[in-house]
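The values are calculated or read from the model by the stated rules, or taken from the named source; none is laboratory data. Since the model is a prediction, treat every value here as computed from it, not as a measurement. Here the Cβ positions follow ideal geometry from the backbone for every residue, glycine too, while neighbour counts run over all protein chains shown. Note: areas computed on protein heavy atoms with side chains; ligands, DNA, RNA excluded. Shrake-Rupley method; radii C 1.70, N 1.55, O 1.52, S 1.80 Å.
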Amino acid sequence: MSANIFVTGGAGYIGSHICKCLARAGYQPITFDNLSRGNKSAVKWGPLEIGNLGDTQLIEGLLIKYQPEVIIHLAGLAYVGESVDDPKKYYENNVIGTLSLLDAMNSSGNNKIVFSSSCAVYGSSNRVPIDEQVTCCPDNPYGASKHMIEQILSDYDHAFQISSV
């Protein structure tokens, strides 16, 4: 029996390709998606669980059910222009949704997460290439939400030993 990997946002373009790679490597990808921007037909390599990232109880139940080795967190809104026009939407989905996921992980005993961040956390840097030594200075709500999540992950690792791998 192959190990389960829980993939939030697994019905999106990048998520579906990650699920494909996981399946080819011998893992069982469990896709969690609300299908607002993902596509049901992109889920071909494991079960699809439909739900919202903010539903902590649902996610906790699924994590208990599947006992994944790791959570790959891709679920997030990712349009810079839209984030400027509707920042609340981005903070609710990306930040509050991630807090919900982390709380479900903590309650269910899952402690490993791979988080898909963004170069938008660096803002408009003059340094090329941009690497992790560049100071984070996001200049839009999308980048700011990703930067906040990076800080939250550090705090959750310290408090609950939920580690980014």
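Listing for the model above:
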item	result
Residue, farthest from Gln67 (Cα to Cα), within the range 120-143, restricted to residues that are open to solvent by 70 Å² or more (accessible area, probe 1.4 Å) and touching a residue at least 12 places away in the same chain (Cβ under 8 Å)	Ser124
Residue check, Asp85 at pLDDT 95 or above and surrounded by 16 or more Cβ atoms within 10 Å (Cβ to Cβ)	no
Out of Ser117, Ser83, Ser100, sole residue that is in contact (Cβ under 8 Å) with a residue 24 or more places away in the chain, in a loop (DSSP other than H, G, I, E, B), in contact with a helix residue (DSSP H, G or I) (Cβ under 9 Å, 6 or more places away or on another chain) and among the hydroxyl-bearing types (Ser, Thr, Tyr)	Ser117
Any hit, the range 51-69, residues being in a strand (DSSP E or B), of a type in the set (A, V, I, L, M) and in contact (Cβ under 8 Å) with a residue 12 or more places away in the chain	no
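Matching residues to (1) of a type in the set (Gly, Ala, Ser); (2) out of contact with any helix residue (DSSP H, G or I) (no Cβ under 8 Å at 6 or more places or on another chain); (3) crowded, with 19+ Cβ neighbours inside 10 Å; (4) more than 21 Å from Asn111 (Cβ to Cβ):
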residue	(1), (2), (3), (4)
Cys21	no, yes, no, yes
Arg24	no, yes, no, yes
Tyr27	no, yes, yes, no
Asp33	no, no, yes, yes
Ala78	yes, no, yes, yes
